[in-house]
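Notes follow once the structure below has been shown.
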Amino acid sequence: MNDPIIQHGEFIPATQQEQQSTPNIDSRQHTRHSLREDTDKSIVFACDGVTVSLYKSTWRSNKTIGIANIKDIGLGGIGFISRCKLKPKQQVSIAVDDELIPIIIMRVHSINEKLNFIGARWAIEDQQKSLSIIRKVKLLSEKSV
């Protein structure tokens with residue numbers, strides 16, 4: 001009953017506002033290497049990168065859910081654009097040379113009404129396996145040039 005009533009036009013002090021914690025790209029532990037030829041070109045129009053299929057595991061098999069175009073890659077994970085509606089903490093897989101590699105979605109940033117830029121980390125613990133995947137993707141990137 002003794003709580004103050006906020007009048008119309010009053011502002012809540014910044015110290016009382018809820019702070020939203022959004023992960024920052026600078027919080028990455030590993031650098032990402034761009035697969036883009038021209039990083040100055042808008043990502044919406046960028047046709048460079050490596051295109052892979054996205055899969056979701058079901059109880060029976062792996063189901064194709066769409067495609068992704070990998071724009072950057074590193075020991076920590078990948079960044080790609082896709083039309084797929086993915087959510088943070090969701091696990092999906094990418095197909096590289098007919099091998100399914102599990103990833104966990106960390107960030108989703110809407111580029112426009114159809115495309116999202118998605119940051120994901122590897123769902124595998126073996127660093128040698130991650131290096132092998134990175135080499136394969138970089139090789140595919142060089143072949144497409």
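FYI, it's all coordinate maths here, none of it is from the lab. What you are looking at is a predicted structure, and each value in this text was computed from that prediction instead of being measured. All Cβ positions, glycine included, derive from the backbone under ideal geometry; neighbour counts span all protein chains shown.
Observations on the structure shown:
- Charge context of Gly66, other residues only, Cβ under 11 angstrom, K/R +1, D/E -1: +4
- Label zone (Ile124, point 7 Å along Cα-to-C-beta; backbone nitrogen cut-off 15 Å) within region 72-113: 74-78, 92-104.
- Measuring between alpha carbons in the structure, the pairs from Lys85/Lys114; Lys87/Lys114; Lys56/Lys143 lying more than 21 angstrom apart are Lys56/Lys143.
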